[in-house]
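Data first, discussion second: the structure below is written as C-alpha cells.
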Amino acid sequence: MKVLMKGNEAVAEAALRAGCRHFFGYPITPQTEVAAYMAKQMPKLGGTYLQAESEISAINMVYGAAAAGVRAMTSSSSPGISLKQEGISYMVGADLPALIVNVQRSSPGLGGIQPSQGDYFQATKAPGHGDSHLFVMAPASVQEMADFVETCFETAEKYRVPAMLLADGMLGQMMEPIELKETEPKMIEKPWALTGTKCERKHNVINSLYIEPDVLEKILIERYARYAEIEKNEQRAELYKMEDAEFAIVGFGASARVSKSAVDKAREKGIKVGLIRCITLWPFPKKFIEGTVGKVKHYLTVEMNMGQMVEDVKLVVNGKAPVSFFGRSGGIIPSPAEILAEIEKIAKGVN
Amino acid sequence: MENIFQKPITIISGHYGSGKTSLSINLAMSGRYSSVIDLDVVNPFFRSSDYRKMIEDKGVKVIAPYFAGTNLDVPFIPKDVKTSVMFDEKVLIDAGGDDQGAVATGTISNEIKKRGYDLVYVVNFMRPQTRIAEEAFDIMKEIESACHLYVTGIVNNTNLKQETTQEVIDYGVDRTRELARMAGLPILFHVQEKAFSYIIKGTSEKVVKTESYVLTPWEQA
C-alpha cells in the first residue's frame, strides 16, 4: 500500500532505504523535516544522525564519511547551501561521492522561506570555487523526491562526483501518495576509500591540495573526462505532448509541474504546445532539446526565478528559434493561468 | 458542518501531516466559531492563516502569528491569543503537528482549562510514522504532555488524497477503532472529502463531509 508523505520525509526515507546511514545536517526552513525524520528513524537502524553546529561543519562531516566509503548526505536550503559551498568544492576536488539536498527558498541573502528555483546557476555552474560540477537532479513530485535519491547516490558513486537533489519549498512541504522501494540498494566497491589498510595494501589518499601545477592540471583533465562521460550517459528529461508541438515550454521541478497544467489547458484551446521537463540540470539535457530544434517555432522557459535556465536553453537552441522567459520570484509560484496567457501571446505572435 | 463540539474551546491536534489544517478550515468555515487561532508555529506552509481572508469573510476573527504569510521564520505567539481564549464566545485552535507543535498550546493551557475544551486528535494511518495504532497512540500521549491537556476524542482522517481507495478507508477505520480502544476514547467522527463516497463499514460512528480547501498550484485555475 502507498504511503502519504511530505517531499522532505520522502527524501529522508528514500535515503535510508538506499543504504544511507550517515546524515549530517543543520536545520533551516523549508527542509527541516528531512533532518527531523532522520533524527527519529536513523537511530532505529543503527546509523548516525548528527546535527552539526553549523552547515559548514555538516558538509565537512559528509566529506569525512564519504572518504571512508559510506553513503553520506546532508540537506539544507539556499542560504545554508551557500555556507556549504567551500566543503562542496573540496569534495569535488577530492572526487568524493555524496548527496547534497537543496530544498530551495527565495533568495538572495536571507531572502524568504517560500519556494524558489533561484539556485539553478549555483547548482549547475558554480557549486563551489574552481572548475567543478555536481550531478544535479530536479524532482517534480514527491515520488521523484524519493526515487531520485537512489539515482543520485548511484550516479555519484559511479563517477566519483558529489550529487545534488535540487528541490524547492513547495516539493519539500507538499504531501502526495507514493510508493516506496522495497529492493536492496545497489552498492559498488570503493577501492579508493579510507577503510584501513590492515597492512595488506598501500594506503589510500583523499586530498584536494596539489601544489604542483602540472599534477593538478592532469587531475582536472581526468575529472573533466569523467564529466564528459556523465554528459554522454546521464542526461534525463521528460517530453510531454511534444510529438506535434509547435511551441515548447522548458521547465524543471515545481514550475514544470505547473507548466504541465498550462499545456493541458492550452491544448484544450487548440494550441499545439508541449513541455520539455529537464530532470537532470547538470548534465543539462541538451539531447532532448536538440531533438526538437527545427520543429518548435518558439521556446518559453518557465522558472521560479528571474531567468537562469533560459540561458542554457538559448545555448542549445542556438538562434534557430526565439527563446523567451516567464518567471515569478520572491517565493511566488506561477499559476497555470499566467503561463497559459504567455503561451497564448506567443501563439498569436507567431501566427 | 454540524455542531459536534459543545465546549467553548475546540482544539485540533494531531500528528504531523494528519490533516489538522484542512479540518480546522472546514470547522472555521462552518460559521460556528467566533474566533480561530492558528497556533501552528512549526510549519510555515499550508497553515490556517493562509486562508485568513476566506475565513474572515465569514465574519470569524482570525488570530495568527505575525510572520504568517510574511517572510519571517521566527515562531511567535501573538499577545491577543490569551485574551481570545479567555473571553471570546467560541474559539477554534489549530495546534501544530506532533508534540513540538502542541507546546504553543501548552502555554495557555490554564486559560483553556478554565473555559472548558474539546481536544481532538486527528489521525491519518497512511502517514509514514503512524501506520499502526500503537504509533498513533504514542504520539497522542506526547501531544498531551506537551500541551498539558487531555485528548477528548479521536477523528479519523485516513486517506491517500486522490488515490484513496475503499481498502485505504477500511484500513484506517480498523486502526482508528483499535486506537480508540487502546486510549479509552470515543471516535468523534470519520472525515471524508465531499468528492469521495466510501463506506465506513459496521458502525454507528459519524461521518463528516469536508470541502477540500488546500490546493497545490497546479490544481488551481
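The values are calculated or read from the model by the stated rules, or taken from the named source; none is laboratory data. What you see is a predicted model, and the numbers here were worked out from it, not measured in a lab. Neighbour counts run over all protein chains shown; Cβ positions are idealised from the backbone, glycine included.
Remarks
- The strands (runs of 3 or more DSSP E) falling completely within region A:91-169 that include 1 or more residues that are of a type in the set (G, A, S) and over 23 Å from A:L209 (Cα atoms) map to A:163-168.
- Region B:160-196, residues that are within 22 Å of A:M5 (Cα to Cα) and hydrophobic (A, V, I, L, M, F, W, C): B:L160, B:V168, B:I169, B:V173, B:L179, B:V191, B:A195, B:F196
- Region A:143-189 - residue that is over 14 Å from A:C20 (Cβ atoms) and of a type in the set (D, E) and, of those, surrounded by the fewest Cβ atoms within 10 Å (Cβ to Cβ): A:E182
- Flag for B:Y213 being among the aromatic types (F, W, Y), closer than 18 Å to B:T165 by Cβ and touching a helix residue (DSSP H, G or I) at 6+ places or on another chain (Cβ under 7 Å): no
- Selection status of A:K84, among the basic types (K, R) and away from chain B (no Cβ under 14 Å): yes
- Strands (runs of 3 or more DSSP E) enclosed by region B:111-199 - at least 2 residues per element that are without any contact (Cβ under 8 Å) to a residue 40 or more places away in the chain: B:153-156, B:187-193
- Residue within region A:123-142 that is of a type outside the set (G, A, S), surrounded by fewer than 24 Cβ atoms within 10 Å (Cβ to Cβ) and either under 17 Å from A:L4 (Cα atoms) or in contact with a Cys (Cβ under 9 Å, 6 or more places away or on another chain) (or both) present: no
- Meets criteria (in the same structural domain as A:Y159 (by TED's automatic domain parsing) and either among the acidic types (D, E) or under 20 Å from A:A10 (Cα atoms) (or both)) for A:S116: yes
- Selection count where residues are within 14 Å of chain B (Cβ to nearest Cβ) and touching a helix residue (DSSP H, G or I) at 6+ places or on another chain (Cβ under 8 Å), scope region A:137-176: 15
- Some residue of region B:153-160 being more than 15 Å from the chain's Cα centre (by Cα) and away from chain A (no Cβ under 14 Å): no
- Meets criteria (touching a residue at least 24 places away in the same chain (Cβ under 8 Å), touching a Pro at 6+ places or on another chain (Cβ under 6 Å), closer than 24 Å to A:M170 by Cα and among the hydroxyl-bearing types (S, T, Y)) for A:T74: no
- Residue that is of a type in the set (A, V, I, L, M, F, W, C) and either modelled with pLDDT under 95 or under 30 Å from A:T197 (Cβ atoms) (or both), where the choices are A:A52, A:A14, A:A10: A:A52
- Given (1) buried (at least 17 other Cβ atoms within 10 Å of the Cβ); (2) more than 14 Å from chain A (Cβ to nearest Cβ), index of the condition B:S145 fails: (1)
- Candidate set from region A:2-22 (those that are out of contact with any Leu (no Cβ under 7 Å at 6 or more places or on another chain) and at the interface with chain B (Cβ under 7 Å from one of its Cβ atoms)); member that is farthest from A:G169 (Cα to Cα): A:M5
- Members of region A:322-346 that are within 14 Å of chain B (Cβ to nearest Cβ) and either more than 16 Å from A:A248 (Cα to Cα) or of a type in the set (K, R) (or both): A:R328, A:S329, A:G330, A:G331, A:I332, A:I333, A:P334, A:S335, A:A337
- Criterion: within 14 Å of chain B (Cβ to nearest Cβ) and over 18 Å from the mean Cα position of the chain (by Cα) - qualifying residue of A:K260, A:K272: A:K260
- Qualifying positions in region B:101-130 - within 14 Å of chain A (Cβ to nearest Cβ), farther than 17 Å from B:G153 by Cα and touching a Gly at 6+ places or on another chain (Cβ under 8 Å): B:M126, B:R127
- Top-ranked residue of region B:1-59 - restricted to ones that are buried (at least 18 other Cβ atoms within 10 Å of the Cβ), assigned to a loop (DSSP other than H, G, I, E, B) and among the charged types (D, E, K, R), ranked as modelled with the lowest pLDDT: B:R47
- Residue selected from region A:219-246 under the condition assigned to a helix (DSSP H, G or I) and among the aliphatic types (A, V, I, L, M), by the criterion surrounded by the most Cβ atoms within 10 Å (Cβ to Cβ): A:I230
- So A:I206, is it touching a residue at least 60 places away in the same chain (Cβ under 8 Å) and away from chain B (no Cβ under 14 Å): yes
- Check on A:E86, in contact with a Phe, Trp or Tyr (Cβ under 7 Å, 6 or more places away or on another chain) and either of a type in the set (D, E) or in contact (Cβ under 8 Å) with a residue 60 or more places away in the chain (or both): no
- Comparison of A:Q114, A:Q104 shows that the only residue that is within 14 Å of another protein chain (Cβ to nearest Cβ), over 16 Å from A:W282 (Cα atoms) and at pLDDT below 95 is A:Q114.
- Close pairs (7 angstrom Cβ cut-off, 6 or more residues apart or separate chains): over 13 Å from A:G93 (Cβ atoms) in region A:218-230, surrounded by 12 or more Cβ atoms within 10 Å (Cβ to Cβ) and of a type in the set (S, T, Y) anywhere: A:R226/A:Y159; A:E229/A:Y159; A:I230/A:Y159
- Conditions (1) over 22 Å from B:S22 (Cα atoms); (2) touching a strand residue (DSSP E or B) at 6+ places or on another chain (Cβ under 7 Å); (3) small (G, A, S): number failed by B:G153: (1)
- Residues satisfying the stated conditions in region B:169-221, i.e. within 14 Å of chain A (Cβ to nearest Cβ) and hydroxyl-bearing (S, T, Y): B:Y171, B:S212, B:T216
- Exactly one residue out of A:G349, A:G319, A:G307, A:G294 is at pLDDT below 95, more than 14 Å from chain B (Cβ to nearest Cβ) and surrounded by fewer than 17 Cβ atoms within 10 Å (Cβ to Cβ), and it is A:G349.
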